[in-house]
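Values in this text are rule-based calculations from the coordinates and carry no lab data. No experiment lies behind these values; they were computed from the predicted model shown. Ideal geometry is used to build each Cβ from the backbone, glycine not excepted, and the neighbour counts take in all protein chains shown.
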Amino acid sequence: MGPFDYTVLVPSLPFLWTGLQFSVHLTLIAMSGGIVLGTLLALARLSGPKPLSTASAMYVDLMRSIPLVMVILWFFLVIPLIIGKPVGAEYSAIITFTAFEAAYYSEIMRAGIQSVSKGQAMAGYALGMTYGQNMRLVVLPQAFRNMLPVLLTQTIILFQDTSLVYAIGAKDLLKAADIAGKNYNRPVEMYLFSAVIYFVICFSLSALVKRLQKRYAVLR
Amino acid sequence: MGYNWHWGIYFDKIKGGEETYLSWLITGFGWTVAISLCSWIIALVLGGLIGTVRTTPRRWAVRLGDAWVELFRNIPLLVQFFLWFFVVPELLPEKLSLWVKQEMPAKEFITATVCLGLFTSARIAEQVRAGILSLPRGQRLAGLAMGFTLPQTYRYVLLPMACRIILPPLTSEFMNVFKNSSVAFAIGVLELTFQARQMQEDSEQGIETYLAVTVLYFICAFVANRMMVWIENRTRVPGYITAAK
């Protein structure tokens, strides 16, 4: 292979762009779904009836102790068996990441809920609020605010992890770079370029999170 | 649900071969453990060094350490594997490059170990730095006031404390190494995930295959956890509260 040739990057840009779009979509869907599911899991674990609480704890611990690649492979194998027809790698990836990230977000939300002082919840009950009102109006808003930087950091990790859909062949940024590299016979430039894109996105996001952390710290 | 269960699959012979599927799984388990332990050693040495350097008053060294951590933290692990496997050999001088590409023994294993080791070193560096910074300022000052040089202060005062404080986060990092080693399938290391995909395709008994592999990963995580907790209990700093497990 000759010296580096960066001219191949230009014609492959539209293709890489569609790949990046999928990575971003996957991240956003898994983030929103994961935070909602994760919060429910955390609530079930903290204040649900015993069987529900145990089940939630087991789910979270199970997901957290298996490598993500294996979880991706599991879902890709099992989902078609359950619904009885094949699903595309893209849909499978969306379901997998939502379910997987829910476990990690749930641990963050659990810490967040526990970080809200007990008096807050008690004051809510004293005012006659129900459990649901208390959570929705008093505890969760504070938990979210306390945990915002951690939730965002987890989302950056999630964005990096989306590259693992390579295992089932979904077309994300990395897979697009992989294919373009093979088409133009320039894999080295393509891998380098995708690394640069990932780095720029993740680095600027984490710098943003650091600034946010300073601005949104709750005054005590 | 048209799935044919066949639990005896582990002892069946692979298609067109003499080995059993069980031997594939054992090979995979061996490579997973080998990669994880070797890269853990690299990560501990490098991460400890870089994390320590990042707390010294040497400005340029701190910058270099920061850059190291940011570089390895902001690129997905899978992309890093590809960079080490496909890109780095191209950047080497011509003779070395040819040797690496054609003759280097256990090329996949070495690449994977270096990649995972450096990736983990950045994360350990972050924890070592946090551990040293969590010590009261007075400890460093006291060391220097006793007439210790800066290296002596680190050697006798700061590091012995910091190392013991950061053991709990190191435990989860050690378990992460085993999980992260699964990404090495992408460059063709014959570790567990690679074997899982291969066995699933060959035998078409996906559930049994993945179940066995998942259990093996569980065993790795469990043993790693127990080992670290054992070390933690023996080295706990008296008077410091550590989460009892």
Chain A, relative contact order in percent, only Cα pairs under 8 angstrom and at least six apart counted | 29 percent
List the longest stretch of chain B that has no exposed loop site; here a site is one of the GluC sites (Glu not before Pro) assigned by DSSP to anything other than H, G, I, E or B, with at most 14 other Cβ within 10 Å.
-> B:104-203
Kindly put B:Lys95, B:Lys101 in sequence by how many other C-beta atoms sit within 10 Å of each C-beta, fewest to most.
-> B:Lys95, B:Lys101
The summed charge of the A:Arg186 Cβ neighbourhood (under 15 Å; Lys/Arg +1, Asp/Glu -1) stands at -3
For each pair in A:Lys175/B:Lys15; A:Lys182/B:Lys107; A:Lys175/B:Lys101, compute the distance between the two Cα atoms and list the pairs where it is over 28 Å.
-> A:Lys175/B:Lys15
Cα centre as origin, Lys/Arg/Asp/Glu Cβ charges: region B:24-235 dipole, Debye | 1340 debye
Per DSSP H run of at least 4 residues, take -39500 (n - 2.57); add these up for chain B, divide by its residues and hand me the 222 nm value, nearest 500 deg cm²/dmol.
-> -22500 deg cm²/dmol
Too long for a 28 Å Cα-Cα cut-off, among A:Lys171/B:Lys179; A:Lys85/A:Lys171; A:Lys171/A:Lys210; A:Lys171/B:Lys95, are A:Lys171/A:Lys210; A:Lys171/B:Lys95
Which order results if B:Phe82, B:Phe174 are arranged by neighbouring Cβ count within 10 Å, fewest first?
-> B:Phe174, B:Phe82
Projected label distance in nm at B:Arg59 and A:Tyr131, using a 7 Å step from Cα toward the beta-carbon = 5.8 nm
Per residue of B:67-77, what is the mean number of Cβ atoms on other protein chains within 10 angstrom of that residue's Cβ?
-> 5
Can you tell me how much longer the chain between B:Gln152 and B:Ile14 gets when fully stretched, taken as 0.36 nm per residue apart minus their C-alpha distance, in nm with one decimal?
-> 43.8 nm
What is region B:24-235 by shape, rounded, prolate or oblate, if you read a ≥ b ≥ c off the alpha carbon gyration tensor as root eigenvalues and call it rounded for a/c under 1.5, prolate for a/b larger than b/c, and oblate otherwise?
-> oblate
When the Cα centres of region B:95-161 and region A:6-66 are compared, how far apart do they sit, in Å?
-> 32 Å
